[in-house]
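Below is one structure, written out as structure tokens, with a few remarks after it.
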Amino acid sequence: MFIGREKELQRLKELKSKSIASFVVVRGRRRIGKTRLINEFGKSFDKFYSFTGLAPDKKTTNQDQLDEFSRQMTRAFHTYVANFTDWSDAFFALSNQVQSGSILLLFDEISWIGSEDHTFLPKIKNLWDLYLKKNDKLIFIICGSVSSWIEKNIMQSTGFVGRISFTITLNELPLHVCRKFWPKNISAYEIFKVLAVTGGVPKYLEEIDPKKNAEDNIRRLCFTQGGLLVEEFEQIFSNTFLRNSEAYVEILNTLGNGAKTAQEIVASINALHKGRIYEYLEELSLAGFVTRDYTWDLKTGRDLKSSNFRLSDNYIRFYIKYIAKNLNKISRELYAHKSLTSLNEWDCIMGLQFENLVINNRQTLQKALDILPEEILNANPYFQNKTSKQNGCQIDYMLQTKHNCLYVCEIKYSKHPIGIEVIEEVQKKISALHLPKGMSCRAVLIHVNGVTKNLIEEDYFATIIDFSEMLN
């Protein structure tokens, strides 16, 4: 079944109604469903041709990529194998096969195909200008997991200005779509435990066996030799970053226990990598693994320069905290029957994973709070630095509306129903806020395992949201 991506698929289908050819860019992290979306879109065409590059390897040359492209052309068009030595010749041969008719043409993992030839992208531009755009029923899609390469070489390139009709950046599936991977009688907490590991990554969710409980699925995927999520991390970094991945992994390890400023990250990593820290962080952000969260001025609602970097990919954190450290034991099947809750810092890490799931689905949260998008002045994880005039504080998620109101959201994971002690925690944060005159604060609690009757009777929170509501 093809689950989700209705909006993205509809936007792509709208391009077919145009009377001219379209040039589309699709990007997103590995396993996020880029090729699956395009394949689904391809069903509406008379002909769909897909070409992909060889995976990155130190020994792979540009000629190897050309030879592979030639072999794929032979299979697609039932022609003899051609010996291309230049991309211009290969693209001219390709253009002769797509001159007319309803055609979807895909270049998948574009950075793999062209990374070894500095003239590759200018020749892509010529392929479009001289040939492809002449077929008004053709849609040309370039797709890739190396979002930083696409951003630098295509999106920011003057050579492609005015040529790209539409760009799609695929993010994780929203929670209500993730819910469709389980039958209706599965509890929200059971689903949360799996999503705490997989996030909303479609390929990982497809690997779930809904007949098995969360613990069994996690053990099979993460703690069994050869499990998909045991091997996945190395694949991500060998395929996503076209350089030594050591610096990226070091940064991710630093962010494993919570968000940090760039200065804090610099202080904790190898001196060899410090000079390029912002470049690495930008590439991790474009890849979808890290998110930069800006705090803001409560008087104006405008972003400040201060920001934290947050590890926003649940699988990456789970791998760093639990899989990477135990690879040798996993290879000896010593974790095949281990109780997950016995793992070190389990509750703390589940708390961070829960925050990610809620923050990554902020639109669902805003809808649950009955706040219209046009009413929001700013919304993000919020922090206030300590100064001589104010205390410091950090809030899981906060919304500021144009009606001079703050919604202070406490995203609280617990194995047991949450009691009245959470009130003191939240009130301490609110009391530390340096609030402009006339501004109201409403406390919001988001939980996954229930709240006590005493907490409800205190009537402190303006809204209490059960995670199950976000799954609907």
How about segment 422-472: which trypsin sites (Lys or Arg not before Pro) there are in a DSSP loop, with at most 10 other Cβ atoms within 10 Å of their Cβ? 437
Work out Dmax and Rg for segment 103-202 from the C-alpha atoms and quote the Rg first, both in angstrom. 19.0, 56
Of every Cα-Cα pair in segment 133-181, the percentage lying beyond 15 Å is 61
For segment 385-431, rounded, prolate or oblate, judged on the Cα gyration tensor with a ≥ b ≥ c (square roots of eigenvalues), a/c < 1.5 rounded, else prolate if a/b > b/c? oblate
Treating only the Cβ of Lys, Arg, Asp and Glu as charged (+1, +1, -1, -1), what charge dipole size does the chain show about its Cα centre? Round to the nearest 20 debye. 480
Once you wrap a convex hull around the alpha carbon atoms of segment 55-104, what is its projected area averaged over all directions, in nm²? 4.1
For residue 225, which sequence-distant residues (separation of 5 or more, or a different chain) have an amide H within less than 5 Å of its own amide H, given hydrogens modelled in the peptide plane? 333
Positive-end residue of 52, 84, 94, charge dipole of the chain with Cβ unit charges: 94
Pairs of alpha carbons in the chain whose separation is greater than 38 Å (percent): 33
Two decimals, Cα atoms only, Kirkwood Rh: what is Rg/Rh over segment 171-255? 1.02
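Report, in cubic angstrom per residue, the convex hull volume of the C-alpha atoms of segment 1-152.
Numbers: hull volume 18.3 nm³, N = 152.
Per-residue hull volume (Cα only) is 121 Å³.
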Listed by chain and number, the lysines with an alpha carbon less than 20 angstrom from that of residue 152, same-chain partners under 8 positions apart left out, are 34, 123, 125
Within segment 312-395, list the GluC sites (Glu not before Pro) lying in a DSSP loop whose Cβ has at most 13 other Cβ atoms in a 10 Å radius. 333, 345
Tell me the per residue accessible area of the chain using a 1.4 Å probe; a whole number in Å² is fine. 48
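Quick check on segment 130-279: take the gyration tensor over C-alpha atoms, sort the square-rooted eigenvalues as a ≥ b ≥ c, and tell me if it's rounded (a/c under 1.5), prolate or oblate. Walk me through the numbers on the way to the answer.
Working: a/c = 2.31, a/b = 1.21, b/c = 1.92.
Since a/c reaches 1.5 but b/c is at least a/b, the shape of segment 130-279 is classed as oblate.
Quick one: with all protein chains in place, what share of the accessible area of the chain is carbon or sulfur, to the nearest percent (1.4 Å probe)?
Reported share for carbon and sulfur atoms: 47 percent.
Taking only C-alpha pairs under 8 Å that are 6+ residues apart, what is the relative contact order of the chain in percent?
Working: 720 pairs, mean separation 63.9, N = 472.
Answer for the chain is 14 percent.
Shape of segment 368-464 from its Cα gyration tensor (a ≥ b ≥ c, root eigenvalues): rounded if a/c is under 1.5, otherwise prolate when a/b > b/c, or oblate? Spell out each step's value before the answer.
Values: a/c = 1.92, a/b = 1.33, b/c = 1.44.
Verdict is oblate for segment 368-464.
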Please go through the residue pairs 7/193; 260/428; 16/133; 299/437; 212/338 and name each one whose alpha carbons sit more than 18 Å apart in this structure. 7/193; 260/428
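For segment 1-70, take N as its residue count and report Rg(C-alpha) divided by 2.2 N^0.38 Å.
Values: Rg = 15.1 Å, N = 70, 2.2 N^0.38 = 11.1 Å.
Its radius of gyration relative to the 2.2 N^0.38 Å reference: 1.37.
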Over the Cα atoms of segment 299-407, what is the Rg over Rh ratio if Rh follows Kirkwood? 1.11
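Under 10 °C and 1.306 mPa s, how fast does segment 202-316 diffuse according to Stokes-Einstein, given a Kirkwood radius computed over C-alpha pairs? Answer in µm²/s, whole number. Before the final figure, lay out the partial values.
Numbers: Rh = 16.1 Å.
Result for D is 98 µm²/s.
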The pairs in 18/47; 58/203; 47/134; 211/325 lying past 22 Å Cα-Cα in this model are 58/203; 211/325
Just from its helices, what would the mean residue ellipticity at 222 nm be for the chain, if runs of 4 or more DSSP H residues each count -39500 (n - 2.57) and the sum is divided by every residue, rounded to the nearest 500 deg cm²/dmol? -11000 deg cm²/dmol
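The values are calculated or read from the model by the stated rules, or taken from the named source; none is laboratory data. It should be emphasised that the depicted structure is a prediction, and the values quoted were computed from it without experimental measurement. All Cβ positions, even for glycine, are placed from backbone atoms using ideal geometry, and neighbour counts span all protein chains on display. Accessible surface areas use protein heavy atoms only, side chains included; no ligands, DNA or RNA. Shrake-Rupley method; radii C 1.70, N 1.55, O 1.52, S 1.80 Å.
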